[in-house]
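Novice: Let me begin by handing over the structure; questions about it come next.
Derivation of every value follows stated rules applied to the coordinates shown; laboratory data play no part. Only a predicted model underlies this, so the values are computations on that prediction, with no experimental measurement involved. Note: ideal-geometry Cβ built from the backbone for every residue, glycine included; neighbour counts use all protein chains shown.
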Amino acid sequence: MQSAHFSSHARRQPLVLWLFALFLIAASAISTSAFAQIHLKTTSTAAVVQTPRVRAELVAQAPEGVAAGQTFWLGLKLEHEPGWHTYWKNAGDSGLPTELQWQLPAGLSAGPIDWPVPNALRVGPLVNYGYEKSVLLPVPVKVAADFKAPASGMVEVRLSASWLICRVECIPENGEFTLQIPVQGTTATNSEDFSKAQAQQPASLKEQGQAIVKPDGGSAKLPDERLSLRVPGLPEALKGKALEFYPENAETFKHAAESGKDWQQRWEGDTWVAEGLPLSELRGDTPKQLAIVLALPAGERAAALDKGEAAAWRSTLDVAGQWTPATVASVSPALAAALEANKASASMPPSAQASATDLWAALLGGLIGGLILNLMPCVFPVLAIKVLGFAGHGQSRRAQRLGGLAYAAGMVLSFLALGALLLGLRAAGQQLGWGFQLQSPVVVALLAALFTLLGLNLAGFFEFGNMLPGRLASLQLRNPVLDSFLSGVLAVAIASPCTAPFMGASLGFAIDMPMAQALTVFAALGIGMALPYVLASFVPAAVGWLPRPGAWMQTFRHAMAFPMFATVVWLVWVLGHQSGVDAAAALLALLLVLTALIWALSLVGRSRVVLTGLALLLTAGIGYHALPLLGAQPPAAAQSEAGELWQPWSPEKVQSLQAANRPVFVDFTAAWCVTCQVNKRTTLNSAEVLSAFEQHQVQLLRADWTRQDPAITQALYALGRNGVPVYVLYAPGKPPVVMTELLTKSEVLDALKLL
């Protein structure tokens with residue numbers, strides 16, 4: 001009796017459960033698309049763009065309206081979240097300045113940004129120039145003498161703005177803004193902000209200063225050539241004060257050099273003098289003039305502005321002498337050849353890039369990678385239950401074959417749908433990679449709920465036939481082919497975040513291929529993953545080793561619940577990494593009330609109605625408080641479990657370490673990547689490998705892709721990969737070494753021996 005019951009159960013899992021998998025695919029598309037829109041690019045047509053890091057607003061100052069021959073002001077107001085900053089026109093050692101592109105009616109012309117004085121922002125060994133808290137970037141707009149007002153009496157201003165916002169990590173953002181300005185009326189709502197921005201402009205000095213090139217910096221650690229600056233014409237009240245120095249020319253000075261330590265400043269009468277300013281290792285040819293800004297220290301600057309006094313001064317210096325331009329570091333012949341090949345490939349049409357050899361290699365890699373996906377911890381129980389359905393011997397050979405083909409069709413079409421979604425979003429400008437759906441906390445929570453239902457059902461906690469109307473509960477009995485199809489959909493929803501061996505390179509090829517060719521690679525993944533079940537469907541000998549039906553099948557069914565619950569534990573852990581411990585606790589609370597609701601629905605009699613109502617109220621109450629936590633921003637980056645050995649990854653950090661001839665090992669990982677966690681514990685955290693890293697003085701960096709990060713996506717793309725795990729060793733003067741997805745100690749140790 002038990003075996004017959006399980007045989008039917010194993011062959012035909014409830015159709016309602018599989019339908020939930022389709023909902024997951026849709027949720028992936030919706031949540032990921034919305035996430036990318038908020039975090040990467042905002043296309044709002046309003047005057048305000050809000051991201052989790054900054055509030056940007058297009059504002060205007062036109063107290064006399066828009067009058068012919070006059071000038072009014074526009075500006076982008078940036079209000080940064082604590083810890084985040086954007087950049088000045090010279091960003092310093094890293095970063096990019098904010099850029100504004102205007103679309104104005106005929107007769108209006110916008111000038112350059114009148115940059116307020118920045119602050120020096122020290123980030124490790126680097127110094128950047130930028131803004132924290134709130135800043136307004138004002139732009140003068142000249143109205144032509146023959147300007148004709150629109151019939152509507154309103155001038156429409158459009159702005160496309162892009163900015164780089166950084167804390168430790170950096171995220172490029174942009175937005176589209178629209179503002180209506182009355183021609184005859186007064187626009188002065190933000191007059192205080194414009195007045196403050198005007199006060200923060202450096203005052204121009206009339207007397208010409210001088211920058212003198214001097215050889216011999218006197219220190220072996222700094223460039224041999226230095227600059228001496230002489231700036232006359234400063235206000236009398238400044239004499240004797242130490243001033244902050246901001247060069248407008250990028251890649252000319254060594255910005256991290258400290259006054260009083262690396263260079264000296266003093267006064268000669270009314271002339272401010274700087275001696276021994278070190279030049280940047282990236283300096284170019286000597287210009288005829290240098291523009292600099294001198295400012296009061298931050299504390300004194302604020303006090304001066306409060307009094308309505310000037311706090312900064314701008315001078316243009318004539319350059320006397322010539323410095324030696326920096327020599328561009330050479331690269332190895334192999335790396336140079338690779339760069340030239342990439343450059344040539346980028347100039348080719350897509351159809352020419354994907355050669356027949358590349359396509360066949362990608363298809364073969366996708367086929368093998370899909371086959372290996374069946375061994376992932378989440379997927380194997382689903383596959384085992386489907387294959388074990390043959391043990392019941394209750395299906396005809398024809399029904400088994402139809403079920404196998406339907407299961408394969410569900411997998412292939414699901415991979416095609418995810419591939420098309422990924423390629424479509426990338427074509428629209430989103431920086432996404434394989435496994436993008438699990439970068440959404442909403443999808444992680446939905447998967448946790450699905451696995452909880454699967455586990456409870458397998459453990460015998462409830463049966464769908466006792467909860468649902470008879471017609472709905474028996475729906476899968478009337479549609480066994482559709483049941484198998486949706487089983488394939490569910491398996492893909494479970495396995496898609498993982499990158500198996502051979503998959504990484506195949507997906508990297510696919511992203512650069514034309515759409516039709518790329519989708520064939522995704523189809524190959526589905527075919528490879530479906531092969532074991534199709535084989536079992538068509539070749540009876542493949543499952544001939546299974547014992548005859550018996551009580552063991554019920555025991556096996558219950559045992560399969562534990563891998564499902566283990567997967568729930570893993571998903572809660574993933575959500576904790578994405579949104580914090582409060583979100584993880586909220587998800588556990590939701591799963592608890594979901595279990596209570598399932599239990600109540602499985603009861604009979606009057607108690608079912610009462611307890612179901614109570615469970616629904618409890619679910620609604622906890623959901624009201626829990627759902628906002630699921631979408632919370634991740635907590636501040638914590639120290640890795642390996643301590644200070646592993647540091648957060650950034651492109652700038654890799655570049656600076658390579659410039660210092662330091663070998664670098666990067667672990668591109670994510671909390672939702674099972675293979676990543678296995679490699680971390682078996683290989684990367686082993687004493688032997690860590691000792692070898694220390695012996696070769698390798699800097700270890702970890703690029704965490706648990707939540708969407710366009711910088712990491714771009715770095716993976718540059719390496720020819722589109723998912724994690726990826727392990728890269730950067731050796732001085734050598735091309736990067738990309739290792740296999742299933743990392744071994746011997747592979748890492750052999751690579752380190754070549755340093």
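Novice: What order do you get for 296-308, 519-531 when each peptide is scored by the mean count of other beta carbon atoms within 10 Å, highest first?
Specialist: Values: 296-308: 13.0, 519-531: 24.0.
Per-residue mean Cβ counts within 10 Å order the peptides as 519-531, 296-308.
Novice: Ordered by packing density, taken as the mean number of other Cβ atoms within 10 Å over each peptide's residues, highest first, how do 256-267, 706-717, 143-154 rank? Can you show the working numbers first?
Specialist: Working: 256-267: 14.3, 706-717: 20.2, 143-154: 12.8.
Taking the mean over residues of other Cβ atoms within 10 Å, the ranking is 706-717, 256-267, 143-154.
Novice: Can you tell me the FRET efficiency between R397 and F562 if r is taken as the Cβ-Cβ distance and R0 is 41 Å, rounded to the nearest 0.05?
Specialist: On the way: r = 33 Å, r/R0 = 0.80.
E between R397 and F562, to the nearest 0.05, is 0.80.
Novice: Taking the mean number of other Cβ atoms within 10 Å as a proxy for protection, how do you rank 53-62, 86-95, 172-181, 608-617 from highest to lowest? Kindly include the intermediate steps, with their values, before the conclusion.
Specialist: Values: 53-62: 20.9, 86-95: 22.5, 172-181: 18.7, 608-617: 14.2.
Descending mean neighbour count gives 86-95, 53-62, 172-181, 608-617.
Novice: Run down the aspartates and glutamates and flag those whose C-alpha is under 15 Å from the C-alpha of K261, throwing out any fewer than 8 positions away in its chain.
Specialist: E244, E275
Novice: With a ≥ b ≥ c taken as the square roots of the eigenvalues of the C-alpha gyration tensor of the range 646-753, please select rounded if a/c is under 1.5 and otherwise prolate if a/b is larger than b/c or oblate if it is not?
Specialist: In terms of gyration-tensor shape, oblate.
Novice: Put a dot 7 Å past each Cα toward the Cβ at D306 and T189; how far apart are the dots in nm?
Specialist: 2.9
Novice: Where in the range 121-153 does the label zone of S109 land, with the point 7 angstrom along Cα→C-beta and an amide N cut-off under 20 Å?
Specialist: Correct set: 138-150.
Novice: R0 = 22 Å: FRET efficiency of K206 with K241, Cβ-based, nearest 0.05?
Specialist: 0.60
Novice: Now for a different question. Could you tell me which of the pairs K77/K148; K254/K288; K89/K133; K77/K288 are separated by over 24 angstrom between their Cα atoms in the structure shown?
Specialist: Working: K77/K148 28 Å; K254/K288 19 Å; K89/K133 17 Å; K77/K288 34 Å.
Among K77/K148; K254/K288; K89/K133; K77/K288, the Cα-Cα distance tops 24 Å for K77/K148; K77/K288.
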